[in-house]
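The values are calculated or read from the model by the stated rules, or taken from the named source; none is laboratory data. Just so it is clear, the structure is predicted and the values come from calculations on it, not from any experiment. Backbone-built Cβ (ideal geometry, glycine too); neighbour counts: all protein chains shown. These area figures cover heavy atoms from the full protein model, side chains too; ligands, DNA and RNA do not enter into them. Shrake-Rupley method; radii C 1.70, N 1.55, O 1.52, S 1.80 Å.
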Amino acid sequence: MTIKILLVDDHTLFRSGIKLLLQRNPEFEVIGEASDGLEGVKRAKQLMPDVVLMDLNMPGLSGLEAMQLIVEDLPGTAVLMLTVSEEAEDLSTALRNGASGYLLKNIEADYLTQAIKRAHAGEPVVAEAMTAKLVAQFRSGQNVAAAPEREKLTPREREAMSCLARGQSNKEIARQLDVAESTVKIHVQNILKKLNLNSRVQIAVYAVEHGLGK
């Protein structure tokens, strides 16, 4: 099974380059393109992609607005923001509103392909250059989690949440905690249920906001 990808970017040359790169990988299938946010939403509903690579700043409907509409109507589709913006506010807004990840356009090709696979697997993906900015923004004045929140989670669940906040995969978390991947999946499901969250990305954001991402 290939991962079906929709490209949404107002720069034709950039879209062409990304398409050419992805088509070299038999695991990917670029099923469509769009040059603005509104067209991207329409194409997503028509084509039902597994992953959408979405630019942030586009004329008309912005990438953030288009992303929100897509994740609302197509919860099974992962939307990865692919942008030149290194603003922490853009990053946090995207993650809070449903993006599966946030990548910068200067990343290496191998990093992009791995990020697509991880997003398709339901894992959060944030460019390494942006992680520190996310943590710094949320930690300002919010270093201590409320006691009731801490009481909801077991020590192991808090450890798993800290790993998620750093963008680690299930395999990496399992290795660090010295447990099976199946155990990590159980921890993640318990965290989602206890904190009434919907995705690993929301867990990561919540962890940093409440001082659990240390």
What do you get for the angle between helix 37-47 and the principal long axis of the chain? Use alpha-carbon atoms, 0 to 90 degrees, nearest ten.
90 degrees
Report, ordered by chain and residue number, the lysines lying within cross-link reach of residue 45, taken as a straight Cα distance under 18 Å and ignoring same-chain residues fewer than 8 apart.
4
Tell me what the chain gives for mean residue ellipticity at 222 nm when only DSSP H runs of n ≥ 4 count, each as -39,500 (n - 2.57), the sum divided by the residue total, rounded to 500 deg cm²/dmol.
-16500 deg cm²/dmol
Relative to the chain, whose Cα atoms define the longest principal axis, helix 181-195 and its Cα axis are tilted in degrees, nearest 10, by 80 degrees
Which residues' amide hydrogens lie under 5 Å from the amide hydrogen of residue 125, considering only partners 5 or more residues apart or on another chain, with H built in the peptide plane?
101, 102
Under a 5 Å amide H to amide H cut-off, with H placed in plane at 1.01 Å, what residues pair with residue 3 once short-range neighbours are removed?
28, 29
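Is the stretch 46-119 rounded, prolate or oblate when judged by the Cα gyration tensor, a ≥ b ≥ c being the square roots of its eigenvalues, rounded requiring a/c under 1.5 and prolate requiring a/b larger than b/c?
oblate
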Taking a straight Cα-to-Cα line shorter than 19 Å from residue 193, and setting aside same-chain lysines fewer than 8 residues away, one finds 152, 185
For the chain: accessible area per residue (Å², 1.4 Å):
49 Å²
Cα axis of helix 155-165 to longest principal axis of the chain: angle in degrees, 0 to 90, nearest 10?
30 degrees
Distance in nm between label sites at residue 73 and residue 27, each 7 Å beyond Cα in the beta-carbon direction?
2.9 nm
Tail beyond 31 Å, pair distance distribution of the chain (Cα, percent):
19 percent
Karplus 3J(HN,Hα) series, Hz, for the stretch 76-81 with 6.51 cos²θ - 1.76 cosθ + 1.60 (x for Gly, Pro)
x, 9, 8, 10, 9, 6
Pull up the cross-link candidates among the aspartates and glutamates for residue 117, meaning alpha carbon to alpha carbon under 16 Å and not fewer than 8 places away within one chain.
27, 29, 50, 108, 172
Under the rule a/c < 1.5 gives rounded, and otherwise a/b versus b/c splits prolate from oblate, where does the stretch 1-53 land using the Cα gyration tensor?
oblate
Listed by chain and number, the residues whose amide H is under 5 Å from that of residue 82, excluding neighbours fewer than 5 places away on the same chain and using placed H, are 54, 55, 56, 103
Distance (nanometres) between label positions extended 7 Å along Cα→Cβ at residue 196 and residue 14:
3.8 nm
